[in-house]
1. Taking the condition farther than 22 Å from Ser118 by Cβ, free of Cβ contacts under 8 Å to residues at least 60 places away in the same chain, of a type in the set (A, V, I, L, M, F, W, C) and exposed (fewer than 14 other Cβ atoms within 10 Å of the Cβ), does Ala312 pass?
2. Need at least 3 residues that are small (Gly, Ala, Ser) per element, so show me which helices (runs of 4 or more DSSP H) inside the range 174-274 make the cut, counting only ones lying wholly within it.
3. Name the residues in the range 106-163 that are among the aromatic types (Phe, Trp, Tyr) and open to solvent by 10 Å² or more (accessible area, probe 1.4 Å), would you?
4. Going through the range 276-303 one residue at a time, which ones are of a type outside the set (D, E, K, R), over 13 Å from Gly247 (Cα atoms) and in a helix (DSSP H, G or I)?
5. Under the condition of being hydrophobic (A, V, I, L, M, F, W, C) and outside any helix (DSSP H, G or I), which residue from the range 304-321 is nearest to Ala176 (Cα to Cα)?
6. Tally time: how many residues in the range 8-59 are in contact (Cβ under 8 Å) with a residue 24 or more places away in the chain, assigned to a helix (DSSP H, G or I) and open to solvent by less than 60 Å² (accessible area, probe 1.4 Å)?
7. Please verify whether Val242 is modelled with pLDDT under 90, β-branched (Val, Ile, Thr), open to solvent by 10 Å² or more (accessible area, probe 1.4 Å) and closer than 30 Å to Lys145 by Cβ, treating the condition exactly as stated.
8. For Ser94, which of the numbered conditions (1) in contact with a Lys or Arg (Cβ under 9 Å, 6 or more places away or on another chain); (2) under 19 Å from Gly137 (Cα atoms); (3) among the small types (Gly, Ala, Ser); (4) open to solvent by 20 Å² or more (accessible area, probe 1.4 Å) fails to hold?
Amino acid sequence: MRAFVYNGLPTRVVFGIGCVRNLPAEVERLGARRVLLVSTPGRAQMVREVSGSLNVAGVFDKVVMHTPVEAANEARELADSIKADCCVVVGGGSTIGFGKAIALTSGLPILAVPTTYSGSAMTNIWGMSEGGAKKTGRDPRVMPKTVIYDPELTLGLPAAVSAASGMNAIAHCVEALYAHDGNPIISLMAEEGIRALASALPKIISSPKDLEARSNALYGAWLAGATIGTTSVALHHKLCHVLGGFGLPHAVRYNRDAAPEAMARISKGIGTFEPATGLFDLESKLGIPMRLADIGMKEADLARAARLASEAPYPNPRKVEYEPVLALLRDAFRGLRPVA
């Protein structure tokens, strides 16, 4: 076995159907007395229901995607003006991102209640956008102190959104398996995360109120967040930053021969012989758009995307080079099934 370093991130996880009822006790456990609630406008009703017995000092319900710095500053100012001593964030990755923005400058503890499969609650990664560019970083201050995973809160997540969010979580696990700074513990979690999500997502598509499937998917999302929280990302996430979205199967095919152990674990997790085609078939079954053309990409932009993805070096099992990446993008643009 090769040498490795493992850094466990110190987050308390409370998981189970109906466990959001533990929210007041978990807030009290943090010693908080003046809670700032953070959510999107659309989650206002859910937030009212889960926070009824909390000592709420203020509510910020203006969360939007990509955490614009202007909106983040508004949330920070509110937290300061009400003398909040805890942020309770209820929602998906965007909402958790706002909680992290507040914690980054104030050090306020975060109690996160995820309602999607983003995995953000299990990471120390923050991100904010300004002037059309997004800045990201890692900081221990933004790591939630407690995360409450209640599968009942995901029952209202539309099936299509569940599929996209779940596949994004699988991508976290996949990249953790071949990360240059991975380790055996993370690999176990990543493989289990892939297994849980790959088995649950098709059931959610056919039966969105299946609470057992929702529980398994949320469990997989927890593991996915924990894996990306302690490892670096590679080609797939780089392409996502360039394109705004990208098919995971083609990135896996690109790296297949350079990471055989990771590929064996991916195959085992999804229950197929070949990882790239297995992931492609899973996405097809979930109804996810399979062509870059379907998400607004233009063929004329492929060369620029390949150049951006390959010009700055970063760790990846296989060297990231312009021509092979361009070929990969052309296949993805047309929605071709990866060659086994």
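The values are calculated or read from the model by the stated rules, or taken from the named source; none is laboratory data. It should be emphasised that the depicted structure is a prediction, and the values quoted were computed from it without experimental measurement. All Cβ positions, even for glycine, are placed from backbone atoms using ideal geometry, and neighbour counts span all protein chains on display. All accessible areas refer to the heavy atoms of the entire protein, side chains included, with ligands and DNA or RNA removed. Shrake-Rupley method; radii C 1.70, N 1.55, O 1.52, S 1.80 Å.
1. Numbers: farther than 22 Å from Ser118 by Cβ: yes; free of Cβ contacts under 8 Å to residues at least 60 places away in the same chain: yes; of a type in the set (A, V, I, L, M, F, W, C): yes; exposed (fewer than 14 other Cβ atoms within 10 Å of the Cβ): yes.
When the stated conditions are applied, Ala312 passes them.
2. Numbers: elements: 184-206, 211-229, 235-243, 248-255, 260-270.
Hits in the range 174-274: 184-206, 211-229, 260-270.
3. Initially, the range 106-163 is screened for residues among the aromatic types (Phe, Trp, Tyr), giving 117, 126, 149.
Matches in the range 106-163: Trp126 only.
4. Within the range 276-303, Ala300, Leu302, Ala303 meet the criteria.
5. In the first step, residues of the range 304-321 are kept if they are hydrophobic (A, V, I, L, M, F, W, C); the result is 305-306, 308-309, 312, 320.
Next cut, outside any helix (DSSP H, G or I) only: 312, 320.
On the way: Ala312: 20, Val320: 17 Å.
Checking each candidate, the answer is Val320.
6. Of the residues in that region, 10 qualify.
7. Working: modelled with pLDDT under 90: yes; β-branched (Val, Ile, Thr): yes; open to solvent by 10 Å² or more (accessible area, probe 1.4 Å): yes; closer than 30 Å to Lys145 by Cβ: no.
No.
8. Here Ser94 meets the rest and fails (1).
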